[in-house]
Each structure stands twice: as C-alpha cells, then as structure tokens.
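Novice: The structure that follows is given in the form of structure tokens.
The values are calculated or read from the model by the stated rules, or taken from the named source; none is laboratory data. Everything quoted here is computed from the prediction, not taken from an experiment. Ideal geometry is used to build each Cβ from the backbone, glycine not excepted, and the neighbour counts take in all protein chains shown. Just so you know, the surface numbers come from the protein's heavy atoms only, side chains and all, with ligands and any DNA or RNA stripped out. Shrake-Rupley method; radii C 1.70, N 1.55, O 1.52, S 1.80 Å.
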Amino acid sequence: MATKNLYDAKIGFSITDIGSLNYKANANSFKYTLNTGNQEIRIDLQNIKNTLQSYNKIVTYENIEGRTFTSSLPTTMHLRVDVRICSKLFIDLT
C-alpha cells in the first residue's frame, strides 16, 4: 500500500556542536613547537648523530602538567530543503 505524500516542500535548519571542551593537562602532556621558519631540513644518513642533534634545535617541547586549556567544537549550520517536482519525485538540497 502506497502512502500519500502530504507535503510539496519541507525546510529544515539545525546548528550542531556549539560550545567548547575544557581540559586539564596531566604529567604526560607536552606542548611542542616547531622552529623551522624557512629553514631547509636535511637528513644526513652518514652522520645520523648530528642530524638528530639538529632536530633538538628545531623541535622544542615543554611539560604543561596542571595547566588548563580550551578546545572549541566545530560549530556547523545545516540547511535542508526537500521539494516535490512531480507526484513521486522529490529533490533534496542539503
């Protein structure tokens, strides 16, 4: 038995993920900084020890235990329109 469609058009609107999350860093939390600028990074496989020591100058880190930080959620708006084209054909625009 076929059901009769009772509409010619429907419109829907929603907003999702409004807000933020708060975190408190633990002992295993670190802040990493990459200090390259326009510097070229080369890997010398013949002298790997010097290569690894040069990375210590490029990548720095610090322990951030006890600090709090906030991460915003990816707020998104959604609009949906469903329109009847003929008796059994609809177009859905999202």
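Novice: Where the second residue is modelled with pLDDT under 95 and outside any strand (DSSP E or B) and the first is under 14 Å from Ala9 (Cβ atoms) and basic (Lys, Arg) and lies in the range 71-90, which pairs have Cβ atoms under 8 Å and are six or more apart or on separate chains?
Specialist: Arg80/Thr94; Arg84/Asn5; Arg84/Tyr7; Arg84/Asp8
Novice: I'm trying to understand the selection: among the residues of the range 3-33, which are charged (D, E, K, R), outside any strand (DSSP E or B) and under 19 Å from the mean Cα position of the chain (by Cα)? Lay out the reasoning, then the answer.
Specialist: Here is the first cut: in the range 3-33, the residues charged (D, E, K, R) are 4, 8, 10, 17, 24, 31.
With outside any strand (DSSP E or B) added as a condition, the list becomes 4, 8, 17.
Residue satisfying the conditions is Asp17 alone.
Novice: Right, here's the next one. Quick test of your reading of the structure: Ser87 fulfils all but one of (1) modelled with pLDDT under 85; (2) among the small types (Gly, Ala, Ser); (3) open to solvent by less than 70 Å² (accessible area, probe 1.4 Å). Name the failing condition by number.
Specialist: Answer for Ser87: the failing condition is (3).
Novice: Another one. Is there a residue being open to solvent by 60 Å² or more (accessible area, probe 1.4 Å), in contact with a Leu (Cβ under 7 Å, 6 or more places away or on another chain) and modelled with pLDDT of 85 or more anywhere in the range 8-17? Spell out the reasoning first.
Specialist: First pass over the range 8-17, keeping only residues open to solvent by 60 Å² or more (accessible area, probe 1.4 Å): 8-11, 13, 15, 17.
After this cut, where a residue has to be in contact with a Leu (Cβ under 7 Å, 6 or more places away or on another chain) as well, the list is 13, 17.
Subset that is modelled with pLDDT of 85 or more: 13, 17.
Within the range 8-17, one or more residues are open to solvent by 60 Å² or more (accessible area, probe 1.4 Å), in contact with a Leu (Cβ under 7 Å, 6 or more places away or on another chain) and modelled with pLDDT of 85 or more.
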